[in-house]
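Structure below; questions to follow.
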Amino acid sequence: YQAWREVVQQAGSTAEADKLRRVNEFFNRRVRFVEDVQVWGRTDYWASPLELLGQGAGDCEDFAIAKYFSLIEAGVERGKLRMIYVRAVIGLPDSGVPVAHMVLGYYATPVAEPLVLDNLVTEIRPASRRPDLTPVFSFNGEGVWTATGADRPGTSVERLARWTELIQRMRGEGFEP
């Protein structure tokens, strides 16, 4: 926990590119990827950053959520960040069926190509350099976007039950998301 707070605090005084790099590397190096059923005994659970750090393990949603809230704490505008639900091809390009996956997208401007922060690939890359990912939808605390890249949210984020549950748990932990 203390190392996380230090990274967020130190990142707060740096340029946005450095904030992204520091937070992405922190979680990718310190947290193990483990499926929810092994960590939480449930098939799909969205952990808060504190829960993720307490377990030291989580799945892709947990990584994306922790990075999202950490970057907001470090001073990145909420509107520049979105969790992106994607279909990911794991392994070689023609190796199999895409799997559900979540990454964090950083949009320098509302119409910019997002940079992808991923627990599978530590290097932050523009979405065009991630042909293994096919976006389905994205969301943040402001709304939900379709994969077409509409410039404003089309659906209220309250429709995402796991997101609403996560926000309630985080408030219970003393964190105001």
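The values are calculated or read from the model by the stated rules, or taken from the named source; none is laboratory data. Given the structure is predicted, the values throughout are model-derived calculations rather than measurements. Glycine gets a Cβ as well: all are built from the backbone with ideal geometry, and neighbour counts include every protein chain shown. Side chains are part of the model used for accessible areas, which takes the heavy atoms of the whole protein and leaves out ligands, DNA and RNA. Shrake-Rupley method; radii C 1.70, N 1.55, O 1.52, S 1.80 Å.
Taking T14, is it more than 18 Å from F139 (Cα to Cα) and either aliphatic (A, V, I, L, M) or loosely packed, with under 13 Cβ neighbours inside 10 Å (or both)?
On the way: more than 18 Å from F139 (Cα to Cα): yes; either aliphatic (A, V, I, L, M) or loosely packed, with under 13 Cβ neighbours inside 10 Å (or both): no.
Considered against the rule, which asks whether it is more than 18 Å from F139 (Cα to Cα) and either aliphatic (A, V, I, L, M) or loosely packed, with under 13 Cβ neighbours inside 10 Å (or both), T14 comes out as no.
What number of residues in the stretch 15-57 are touching a residue at least 12 places away in the same chain (Cβ under 8 Å) and of a type in the set (V, I, T)?
4
Within the stretch 41-52, how many residues are crowded, with 19+ Cβ neighbours inside 10 Å and part of a helix (DSSP H, G or I)?
3
When the stretch 124-156 is examined, which residues are found to be assigned to a loop (DSSP other than H, G, I, E, B), at pLDDT 85 or above and either basic (K, R) or on the phi > 0 side of the Ramachandran plot (or both)? Please lay out each step first, then the result.
Just the residues of the stretch 124-156 that are assigned to a loop (DSSP other than H, G, I, E, B), to begin with: 124, 130-132, 141-142, 147-154, 156.
The next check asks that each one be at pLDDT 85 or above; those that pass are 124, 130-132, 141-142.
Across the stretch 124-156, the qualifying residue is only R130.
For every residue, the table says whether it meets (1) of a type outside the set (K, R); (2) out of contact with any Leu (no Cβ under 6 Å at 6 or more places or on another chain).
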| site | (1), (2) |
| --- | --- |
| F27 | yes, yes |
| R32 | no, yes |
| D36 | yes, yes |
| W40 | yes, yes |
| L53 | yes, yes |
| A88 | yes, no |
| D118 | yes, yes |
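Kindly evaluate R159 against the criterion of being open to solvent by 50 Å² or more (accessible area, probe 1.4 Å) and either within 15 Å of Y85 (Cβ to Cβ) or modelled with pLDDT under 85 (or both). Even if it seems obvious, please write down each step before you answer.
On the way: open to solvent by 50 Å² or more (accessible area, probe 1.4 Å): yes; either within 15 Å of Y85 (Cβ to Cβ) or modelled with pLDDT under 85 (or both): yes.
So R159 fits the description; yes.
Grab the strands (runs of 3 or more DSSP E) fully contained in the stretch 58-123, keeping just those with 2 or more residues being touching a Ser or Thr at 6+ places or on another chain (Cβ under 9 Å). Lay out the reasoning, then the answer.
Details: elements: 81-88, 99-106, 115-117.
Correct list: 81-88.
For residues that are small (G, A, S) and over 14 Å from W145 (Cβ atoms), tally how many sit in the stretch 113-129.
Applying the first criterion (small (G, A, S)) to the stretch 113-129 yields 127-128.
Narrowing the set further to residues that are over 14 Å from W145 (Cβ atoms) leaves 128.
Number satisfying all stated conditions: 1.
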